[in-house]
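Input: a single structure, listed below in structure tokens.
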Amino acid sequence: AEGSEANGVVRAIDFLTASNRKSFGDAVPEFDSGALNAEGKRVVVIGGGDTAMDCVRTSIRQGATSVKCLYRRDRANMPGSQREVENAEEEGVVFEWLSAPKGFVVSGDNVSGVMVQKMRLGAPDVSGRQAPEVI
């Protein structure tokens, strides 16, 4: 998506690896500098699987000021654990169903927001699962 190269747009694997390494006592300069740490930040996680759930809940535990999760389908069609979704909501995560990123708002070199497009569920694909479509 447009703006995905900006500072503050982080891959899930990098974020989760840094958090785990820090919890094991490893030196993680990217975590300490704030580059791979959610503390004090407004976090938006894109996706609806178990990795997304790991990211939203880790962000809450790290002290993010807010955490939203964008998912292009509805709650019933989310691949991640419903129990994880409920637990995340109890911890303060806000889910934006039928929403997908259109691009990132960039100020200087840093991401400052996410442009979102609303989706709807269309006809089922070959697997029988309803395909998300841009409204």
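When you go through Leu98, Leu121 one by one, which is the residue that is of a type in the set (A, V, I, L, M) and over 25 Å from Glu5 (Cα atoms)?
Result of the check over Leu98, Leu121: Leu121.
At pLDDT below 95 and not β-branched (Val, Ile, Thr): which single residue out of Asp74, Asp125 fits that description?
Going through Asp74, Asp125 in turn, just one is at pLDDT below 95 and not β-branched (Val, Ile, Thr): Asp125.
Restricting the search to the range 1-15, which residues are touching a Gly at 6+ places or on another chain (Cβ under 8 Å), of a type in the set (A, V, I, L, M, F, W, C) and in a loop (DSSP other than H, G, I, E, B)?
Ala1, Val9 - these are the residues of the range 1-15 that are touching a Gly at 6+ places or on another chain (Cβ under 8 Å), of a type in the set (A, V, I, L, M, F, W, C) and in a loop (DSSP other than H, G, I, E, B).
Please work out if Ala88 is more than 18 Å from Asp14 (Cβ to Cβ) and either touching a Cys at 6+ places or on another chain (Cβ under 6 Å) or of a type outside the set (D, E, K, R) (or both).
Spelling it out, Ala88 is indeed more than 18 Å from Asp14 (Cβ to Cβ) and either touching a Cys at 6+ places or on another chain (Cβ under 6 Å) or of a type outside the set (D, E, K, R) (or both).
If you go through the range 6-41 one residue at a time, how many are among the acidic types (Asp, Glu) and under 16 Å from the mean Cα position of the chain (by Cα)?
2
The values are calculated or read from the model by the stated rules, or taken from the named source; none is laboratory data. The model shown is predicted, which means the values in this text are computed figures rather than measured ones. Cβ atoms come from the backbone with ideal geometry, glycine included; neighbour counts cover every protein chain shown.
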